[in-house]
Amino acid sequence: MQPGHDSIKVCVRVRPINATEKRNGASEAVRCAGERGGSLQLVPRGRKPVVHSFDHVLAPACGQDQVFEHLGQPVVQSVVNGFHGCVFAYGQTGAGKSHTVFGGGSGDRGLLPRIAEGLFLQLARETQDEHMVRLSYLELYNEKVRDLLQAAPSQGRGLREPASLEIREHPRFGVFIEGLTKSTVQSAADVSQLLDFGHKIRVVGCTNMNAVSSRSHAVVTLHVERKVVGTAQAALRRAHLHAVDLAGSERMKQLGNNEQRQKESQQINKSLAALSHMISCLAAREHKGAKSDTHIPYRNSKLTFLLSGSLMGNCRTAMLACISPSADCLEMTESTIRFAESVKKLHTKPVQNEEFEADLIRMLQAEIETLKQQLQST
Ligand code: ADP
């Protein structure tokens, strides 16, 4: 690994066997080495068990607090210090992604509400500094970026269909969504309220695999600005933290005959295939070394474009692979594990995003000048 490069951290969470699987007498095909080890065994019928190792493997008995301890706490610390962070959940529909990222009902809070709480606690400790936190929430549905906070109640508009937005790339600040709502939040309770608002607009649907499942990829971002005082010049640290709940991969035959569901699933599978292809190219580039000219097809789909900064740029990234323990899901579980193993090979280049006010003003003035010149020449 080159200096200044970080490995993408890869954790696997195995959900408990559910009531339907129990009723159907499903056997378990995943064995974990202890509650919180670093390896698991896949046990296919009639074949030899295969061991796979990751940064952490969270067994079915692990609670949401343990997921936060391994994945949330480090990313909170990082973002407060000005490093971009990303946690993304990947896996088959019904494997526990939304449960892990957002949480189940009845107070079983997931990673994101815990991250919000940890973030505000951490910021409150830096009593001399000023900070601002904003939240955005989007979904990628049928290759369209939809702003789920666009009609937030704080803006005085009623609920309406969110508009489709464009993804852009800034030469210095990287990928961003033009016109995406960023609502100021002052507490973890504000974050929960906005998430609840966005959830109501997010597209969910019924499949044969899961009573209600996410039919879109969701990206929640906390944008954190912290003015660190006490130095000769106040430093501004700006970082974002993405929490991504990817829609589940699934086999078309498990969807029933619903045309709408089939179309959504084709789009989901297409975007996940583009993501998988991009990761294989990144892994091939890592293998060949820094001088390799392997083309990385990150603009092939909106999903790869959106995640490109987190997978190959300035970001500290962690992946959470969610799997079911059931033998009936083994084929999909093996595919998730293969994907997780290719992500394990990747490195990003995180840097502290710190600027001094005077430099920032100079840079923005230069940018305004360039834009003026561009306008005049058209
Ligand atoms: P996905 O988002 O991957 O489609 P969900 O998060 O919706 O899957 O999980 C499917 C079902 O399994 C939900 O009812 C959820 O509450 C339950 N579940 C998932 N993971 C766990 C877990 N670790 N502990 C308890 N229940 C879980």
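We did not get these values from a lab; they are worked out from the coordinates using the rules stated. Computed from a predicted model, the values in this text were never measured in an experiment. All Cβ positions, glycine included, derive from the backbone under ideal geometry; neighbour counts span all protein chains shown.
For region 63-131, the relative contact order comes to 37 percent (Cα pairs under 8 Å, sequence separation of at least 6).
Of all DSSP bridge pairs formed entirely within the chain, close to 70 percent run antiparallel. With all pairs of separate Cα atoms included, region 34-179 yields a Kirkwood hydrodynamic radius of 18.7 Å. Amide H contacts of ARG13 (H built 1.01 Å from N, in plane; Pro and chain starts excluded): LEU58, ALA321, CYS322, ILE323 sit under 5 Å, all sequence-distant by 5 or more or on other chains. With the convex hull drawn around the C-alpha atoms of the chain, the volume per residue stands at 174 Å³.
Put a dot 7 Å past the Cα of LYS22, heading toward its Cβ, do the same for ASP328, and the two dots end up 1.5 nm apart. One way to sum up the overall shape of region 1-85 is the equivalent ellipsoid from its Cα gyration tensor, whose semi-axes run 31, 17, 9 Å, largest first. The mean sequence separation of alpha-carbon pairs under 8 Å and at least six residues apart, normalised by the residue count of the chain, gives a relative contact order of 26 percent. Which ³J(HN,Hα) values in Hz, rounded to whole numbers, follow from the phi angles of region 86-93 under the Karplus curve 6.51 cos²θ - 1.76 cosθ + 1.60, where θ = phi - 60° and Gly and Pro get x? With coefficients 6.51, -1.76 and 1.60, one gets 8, 10, 10, 9, 10, x, 5, 4 Hz. Database remark: amide H of GLY85 closer than 5 angstrom to the amide H of HIS240, LEU241, HIS242, ARG316 (H placed geometrically; neighbours at sequence offset of 5 or more, or on other chains; Pro and chain starts carry no H).
Between GLN266 and ARG134, 0.36 nm times their residue separation minus their Cα-Cα distance comes to what? All intermediate terms of the calculation are to be shown ahead of the outcome.
On the way: separation 132, 0.36 × 132 = 47.52 nm, distance 3.33 nm.
Gain on stretching GLN266 to ARG134: 44.2 nm.
Shape summary of region 307-378, radius of gyration then Dmax from alpha carbon positions: 21.9, 65 Å.
Taken one residue at a time, the phi angles of region 7-22 give Karplus couplings (6.51, -1.76, 1.60, θ = phi - 60°) of 6, 6, 7, 10, 10, 10, 10, 9, 7, x, 5, 9, 4, 5, 4, 4 Hz. Gly and Pro are set to x.
If you take the beta carbon distance between THR184 and SER292 as r and set R0 to 41 Å, what does 1/(1 + (r/R0)^6) give as a FRET efficiency, to the nearest 0.05? It comes to 0.45.
Dividing the summed helix terms, -39500 (n - 2.57) for each DSSP H run of n ≥ 4, by the number of residues in the chain produces a 222 nm estimate of -10500 deg cm²/dmol to the nearest 500. In the frame of its principal axes, region 251-378 has Cα extents of 60, 37, 29 Å, reported largest first. Note on LYS227: aspartates and glutamates with a C-alpha under 16 Å away, same-chain residues under 8 apart excluded, are GLU126, ASP129, GLU130, GLU354, GLU355, GLU357, ASP359.
Quick one: which of LYS144/LYS263; LYS144/LYS200; LYS22/LYS97; LYS144/LYS372; LYS97/LYS345; LYS182/LYS349 span more than 24 angstrom between C-alpha atoms? It would help to have the intermediate numbers written out before the result.
Working: LYS144/LYS263 14 Å; LYS144/LYS200 18 Å; LYS22/LYS97 20 Å; LYS144/LYS372 31 Å; LYS97/LYS345 22 Å; LYS182/LYS349 26 Å.
LYS144/LYS372; LYS182/LYS349, as the Cα separations exceed 24 Å there.
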